[in-house]
1. Please compute the modelled spin-label separation between residue 182 and residue 28, points set 7 Å along Cα→Cβ, answer in nm with one decimal.
2. Give me the extension gain from residue 244 to residue 119: residue separation times 0.36 nm, minus the current Cα-Cα distance, reported in nm with one decimal.
3. Calculated FRET efficiency, residue 193 and residue 157, Cβ-Cβ r, R0 22 Å, to nearest 0.05?
4. From the Cα gyration tensor of the stretch 1-44, with a ≥ b ≥ c the square roots of its eigenvalues, which class applies: rounded if a/c is under 1.5, or else prolate if a/b is larger than b/c, or else oblate?
5. Please say if the stretch 107-150 is rounded, prolate or oblate, where rounded means a/c under 1.5 for a ≥ b ≥ c the square roots of the C-alpha gyration tensor eigenvalues, and otherwise the choice is prolate for a/b larger than b/c and oblate otherwise?
6. Considering the chain as a Gaussian network with a 10 Å cut-off on Cα pairs, which listed residue, 55, 39, 20, attains the greatest mean-square fluctuation?
7. What ratio of Cα Rg to 2.2 N^0.38 Å holds for the stretch 120-249?
8. Can you tell me which of 199, 22, 91 moves the most in a GNM of the chain? Springs connect C-alpha atoms under 10 Å apart.
């Protein structure tokens with residue numbers, strides 16, 4: 001399996017990162033993508049990828065943090081993107097639920113980071129919360145020039161199909177294991193298998209039965225188990241398919 005989205009650079013893993021990664025390997029993960037949310041956290045993700053064979057990195061500025069972008073940010077991201085084992089620009093996007101950064105800055109810097117990914121020939125990892133229409137519009141404007149994944153997908157099946165039409169993958173996280181996630185379960189059951197990824201979004205969104213605890217990459221097996229049950233297929237078959245998809249997208 002590949003955990004396509006984890007925040008190993010965050011303080012929640014400061015004291016036991018080595019053990020977390022060892023548990024991921026013991027759970028048969030072959031890769032974890034450590035995803036940055038700011039330049040400093042992207043630097044940490046790249047450093048972690050350099051220390052651990054299992055870990056790859058993505059670099060970018062999350063919509064919550066784009067208010068802090070300055071004249072040096074994009075030069076820093078270009079340098080980081082050229083480092084070994086950096087496989088994507090992300091996590092980037094729009095978040096109109098919290099609005100920690102003004103909307104106009106979110107739009108501006110999402111567009112700029114999408115264009116940076118096009119310039120560098122890297123896929124993007126998209127954060128979309130309460131901004132489905134706007135996210136789709138910005139991706140559609142670059143149709144044919146971008147590839148990537150909608151991480152921790154929260155839209156409906158119609159949106160998922162539109163994302164796939166635009167050349168994107170859909171990543172399913174721990175909430176698919178929750179009883180009240182009927183819409184997400186429907187999406188997980190109906191998606192074309194060749195466009196499906198799985199993730200933890202560690203340290204957030206722990207799947208059942210770990211809900212309420214810190215999430216970690218090894219727990220992605222619970223998400224895989226639930227999706228396999230929804231789709232009526234074997235766990236090993238789903239593991240192999242999602243691993244293949246992640247390898248295809250990220251060039252691992």
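1. Calculated label separation equals 3.3 nm.
2. On the way: separation 125, 0.36 × 125 = 45.00 nm, distance 2.53 nm.
Full extension of this stretch gives 42.5 nm more.
3. Numbers: r = 15 Å, r/R0 = 0.67.
Taking R0 as 22 Å, the efficiency between residue 193 and residue 157 is 0.90.
4. oblate
5. Working: a/c = 1.63, a/b = 1.57, b/c = 1.04.
Because a/c hits 1.5 or more and a/b exceeds b/c, the stretch 107-150 counts as prolate.
6. 20
7. Here the answer is 1.01, to two decimals.
8. Maximum fluctuation in the GNM of the chain, among the listed residues, is at 22.
Here, each number is a calculation from the coordinates, and none is a lab measurement. It should be emphasised that the depicted structure is a prediction, and the values quoted were computed from it without experimental measurement. Neighbour counts are summed over all protein chains in view; Cβ atoms, including those assigned to glycine, are modelled from backbone coordinates with ideal geometry.
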